[in-house]
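Novice: Structure provided below as structure tokens; questions to follow.
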């Protein structure tokens, strides 16, 4: 990143409307940490709609406060229009990052598009940081200019992604250290591993999922545990899928592996824990991106959409991952047999599986997961190669800071 660009952009306001629990705020929190890593003098204003969720990954946050400082950033409660209006009327933003199509709060819309700001002759750059996708359209939308209502506002799209024609992924110092340094990882989870069993010798599986029937998981991992030379340890993260995992566990009486339930972790500890695993069941946006960068084999539980359209997004990722052995189980893991597939999902996948209902899918997933676990060395190279290619794209935050001064 050039020194001139570092000096030109002095303050950024980041907007986060929390919709999917940890995914939205997880990405935004990481983005802010990475921006600060790149430029320590950058002033950041973070406007969040759900401070309670933010607190779960940054314990120092106080959800009761409409304004607070954290890590040198200004943190605002999106919902407190009075506090926000007062501050931003006196300090009109010149760079606004809208994350995940969150739009502008009404109070900020009135400031940016108001007569006073237009008369000031200042320019407000609004950049939409979009959802991560491997679909081809991400390349077409990256750095595309959008429509704005006045000449004093410029709007652009900025696409995270997995190719050189996108912005890449966020790389913060904590995560990159977790990738490289085993001792660093241990230091970040030291307090956690005092309260739950954790051994380098164990085969460790992390489960962070949306609600599912995990019968296939228990059958496959149980057989793997019986025949493995290593002790199998499963760690389950809190969130939407926790209750369904516990339900399946209560119904399954013959597990030969250990299960521990994790507390809410700081994002730094979460990164270290994730990077210490042997296999991942992962969901959401931020954790999916970390899994993709980690080089650890994983299955992705993608956020469900109408007409099973999420399966199109899933297929786009699997195509560039290029690990055919996980394709069918990925489809089954994300298929809701209570819904009809739309034409886009059918076109993307064709006849990937003969399963027509959940019962058949459970049997097939158990069979496929066993094959994966017993032959993990056969798929590790695909995940490692994908990780290297994605890391080689560079840091989204640096690319973003290079782009912002070009908006005139």
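The values are calculated or read from the model by the stated rules, or taken from the named source; none is laboratory data. What you are looking at is a predicted structure, and each value in this text was computed from that prediction instead of being measured. With ideal geometry, Cβ positions are generated from the backbone for all residues, glycine too; neighbour counts draw on all protein chains shown.
Novice: Any idea which of 197, 164 is surrounded by fewer than 17 Cβ atoms within 10 Å (Cβ to Cβ) and not assigned by TED's automatic domain parsing to the domain that holds residue 321?
Specialist: Just a single option satisfies the conditions, and that option is 164.
Novice: When you scan segment 303-328, how many residues do you find that are free of Cβ contacts under 8 Å to residues at least 40 places away in the same chain, buried (at least 21 other Cβ atoms within 10 Å of the Cβ) and closer than 27 Å to residue 392 by Cβ?
Specialist: Counting residues in segment 303-328 that are free of Cβ contacts under 8 Å to residues at least 40 places away in the same chain, buried (at least 21 other Cβ atoms within 10 Å of the Cβ) and closer than 27 Å to residue 392 by Cβ gives 2.
Novice: Evaluate the following for residue 186: is it over 30 Å from residue 131 (Cα atoms) and touching a helix residue (DSSP H, G or I) at 6+ places or on another chain (Cβ under 8 Å)?
Specialist: Numbers: over 30 Å from residue 131 (Cα atoms): yes; touching a helix residue (DSSP H, G or I) at 6+ places or on another chain (Cβ under 8 Å): yes.
Answer is yes for this residue.
Novice: Which is in contact (Cβ under 8 Å) with a residue 12 or more places away in the chain, over 25 Å from residue 149 (Cα atoms) and surrounded by fewer than 21 Cβ atoms within 10 Å (Cβ to Cβ), of 74, 79?
Specialist: The match here is 74.
Novice: Residue 326: in a helix (DSSP H, G or I) and closer than 20 Å to residue 224 by Cα, yes or no?
Specialist: For residue 326, the condition - in a helix (DSSP H, G or I) and closer than 20 Å to residue 224 by Cα - is met.
Novice: Follow-up question, since we're still on this one. Say whether the condition of being touching a strand residue (DSSP E or B) at 6+ places or on another chain (Cβ under 8 Å), surrounded by 22 or more Cβ atoms within 10 Å (Cβ to Cβ) and closer than 17 Å to residue 290 by Cα is met by at least one residue in segment 217-224.
Specialist: No - not one qualifying residue is present in segment 217-224.
Novice: Tally time: how many residues in segment 96-113 are within 29 Å of the chain's Cα centre (by Cα), in contact (Cβ under 8 Å) with a residue 12 or more places away in the chain and not in a strand (DSSP E or B)?
Specialist: 9
Novice: Within segment 259-278, which residues are without any contact (Cβ under 8 Å) to a residue 40 or more places away in the chain and under 21 Å from the mean Cα position of the chain (by Cα)? Steps first, answer last, please.
Specialist: Of segment 259-278, the ones without any contact (Cβ under 8 Å) to a residue 40 or more places away in the chain are 259, 261.
Residue satisfying the conditions is 261 alone.
Novice: If you don't mind, another one. Mind checking which residues of segment 329-361 are part of a helix (DSSP H, G or I) and buried (at least 19 other Cβ atoms within 10 Å of the Cβ)?
Specialist: Applying the first criterion (part of a helix (DSSP H, G or I)) to segment 329-361 yields 329-334, 343-349, 358-361.
Result: 329, 330, 331, 332, 333, 334, 345, 348, 349, 361.
Novice: If you don't mind, there's one more thing I want to ask. Quick check: is even one residue across segment 117-139 surrounded by 15 or more Cβ atoms within 10 Å (Cβ to Cβ) and free of Cβ contacts under 8 Å to residues at least 24 places away in the same chain?
Specialist: Checked segment 117-139: no residue is surrounded by 15 or more Cβ atoms within 10 Å (Cβ to Cβ) and free of Cβ contacts under 8 Å to residues at least 24 places away in the same chain.
Novice: Given the criterion under 21 Å from residue 232 (Cβ atoms) and in contact with a helix residue (DSSP H, G or I) (Cβ under 8 Å, 6 or more places away or on another chain), identify the matching residue among 314, 318, 274, 293.
Specialist: Residue meeting the stated conditions: 274.
Novice: Quick one: residue 200 ticks every box in (1) more than 25 Å from residue 363 (Cβ to Cβ); (2) assigned to a helix (DSSP H, G or I); (3) out of contact with any strand residue (DSSP E or B) (no Cβ under 9 Å at 6 or more places or on another chain) bar one, so which box is it?
Specialist: With (1) more than 25 Å from residue 363 (Cβ to Cβ); (2) assigned to a helix (DSSP H, G or I); (3) out of contact with any strand residue (DSSP E or B) (no Cβ under 9 Å at 6 or more places or on another chain) applied to residue 200, the lone miss is (2).
Novice: Let me ask something else. Output yes when any residue across segment 299-321 is in a helix (DSSP H, G or I), farther than 21 Å from residue 369 by Cα and in contact with a strand residue (DSSP E or B) (Cβ under 8 Å, 6 or more places away or on another chain), and no when none is.
Specialist: The answer is no, given that none of the residues of segment 299-321 is in a helix (DSSP H, G or I), farther than 21 Å from residue 369 by Cα and in contact with a strand residue (DSSP E or B) (Cβ under 8 Å, 6 or more places away or on another chain).
Novice: Go through the residues of segment 238-245 one by one and say whether even a single one is in contact (Cβ under 8 Å) with a residue 40 or more places away in the chain, surrounded by 15 or more Cβ atoms within 10 Å (Cβ to Cβ), out of contact with any helix residue (DSSP H, G or I) (no Cβ under 6 Å at 6 or more places or on another chain) and part of a strand (DSSP E or B).
Specialist: no
Novice: If residue 256 meets every condition in (1) outside any helix (DSSP H, G or I); (2) more than 27 Å from residue 60 (Cα to Cα); (3) touching a residue at least 60 places away in the same chain (Cβ under 8 Å) apart from one, which number is that one?
Specialist: With respect to (1) outside any helix (DSSP H, G or I); (2) more than 27 Å from residue 60 (Cα to Cα); (3) touching a residue at least 60 places away in the same chain (Cβ under 8 Å), residue 256 is out only on (3).
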